[in-house]
Amino acid sequence: IAGITQAPTSQILAAGRRMTLRCTQDMRHNAMYWYRQDLGLGLRLIHYSNTAGTTGKGEVPDGYSVSRANTDDFPLTLASAVPSQTSVYFCASSDTPQVPLYGYTFGSGTRLTVV
Amino acid sequence: ILNVEQSPQSLHVQEGDSTNFTCSFPSSNFYALHWYRWETAKSPEALFVMTLNGDEKKKGRISATLNTKEGYSYLYIKGSQPEDSATYLCAPHSGNTPLVFGKGTRLSVIA
């Protein structure tokens, strides 16, 4: 089934540890995004990539890094996790970074708890 | 960062009632307005992408209108059903920058 696969589904992580959240899409979408969902704050953009080989910072990029080596994969890395990074993380993609007529496709999310 | 306002924050309606909510956004540098439906424990799903002033879109009992000059969009649900219970997000789009989502309107439909 075409779509976005995120892994892991959930994770409990000790503070200070490094972690990579994986995101893979099979729709050949050019643009990919990472959002975090926080109670009362909605979805906030962490990083994005308009096309393979390029990345950009969103609203809340500190403590996170991304890479886009190819079209399909867009991993999100927490270099040294802190409790404030406890959240649900959603990866999304769109066929174009401009006006995607069908909107964004979202993955099922990764629930991360930093203790 | 775009300022996107959605109202009301939450809404409870009886099954069969019709309802509507509002999304307000900056009218400058406007490219498109997205609406998403987000059920609890699931992922957001795109409902509509609207680009033109006066645009109206419809999917079943759900419809949306767009006013780009004054910077608002309405989402309407006719004859609400329990399965319509979800959070409805709007997000304006300006050029190559990613979507900035509003905080959503949480709809609960009581049977």
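For the reader, a short list of remarks on this structure follows.
- A simple charge model with +1 on the Cβ of Lys and Arg, -1 on the Cβ of Asp and Glu and nothing else charged puts the dipole of chain A at about 240 debye relative to its Cα centre.
- Here's the picture: a label point sits 7 Å out from the Cα of B:A41 along the beta-carbon direction, and within the range A:93-115 the residues with their amide nitrogen under 19 Å of it are A:107-113.
- Exposed-loop-free span, longest in chain A, where trypsin sites (Lys or Arg not before Pro) count as exposed if DSSP calls them loop and at most 13 other C-beta atoms lie within 10 Å: A:29-115
- Scattering curve values for the range A:71-115, log₁₀ I(q)/I(0), Debye with Cα scatterers, q = 0.21 Å⁻¹: -0.81
- Loop-resident sites, the range B:30-92, for GluC sites (Glu not before Pro), counting at most 13 other Cβ within 10 Å (DSSP): B:E39, B:E70
- Loop sites in the range B:16-57: chymotrypsin sites (Phe, Trp or Tyr not before Pro), DSSP, at most 10 other Cβ within 10 Å: none
- Histogram of C-alpha separations across the range A:1-109, 5 Å bin width, %: 2, 13, 24, 26, 19, 10, 4, 1, 0
- Label-point gap, in nm, between A:T54 and B:N3 - each point 7 angstrom along Cα→Cβ: 3.0
- Alpha-carbon Debye profile of chain B, log10 I(q)/I(0) at 0.15 Å⁻¹: -0.58
- For the range A:45-58, 3J(HN,Hα) per residue [Karplus equation, 6.51 cos²θ - 1.76 cosθ + 1.60, θ = phi - 60°, Hz, x = Gly/Pro]: 7, 9, 8, 8, 9, 6, 6, 4, x, 10, 9, x, 8, x
- One equal scatterer on each Cα of the protein assembly as shown, no solvent, Debye formula: the resulting log10 I(q)/I(0) at q = 0.09, 0.16 Å⁻¹ is -0.36, -1.10.
- For peptide A:49-60, the mean count of partner chain Cβ atoms within 10 Å of a residue's Cβ comes to 1.
- Spin-label model, A:A7 to A:T20: label points 7 Å out along the Cα-to-beta-carbon direction sit 1.2 nm apart.
- In chain A, taking the dipole from charged Cβ atoms about the Cα centre, the farthest positive-side position among A:L13, A:Q85, A:A2 is held by A:L13.
Since every read-out is calculated from the coordinates, none of them should be taken as a lab result. All figures in this text were calculated on a predicted structure; none of them were measured in a lab. Every residue, glycine as well, gets a Cβ built from its backbone with ideal geometry; the counts of neighbours run over all protein chains shown.
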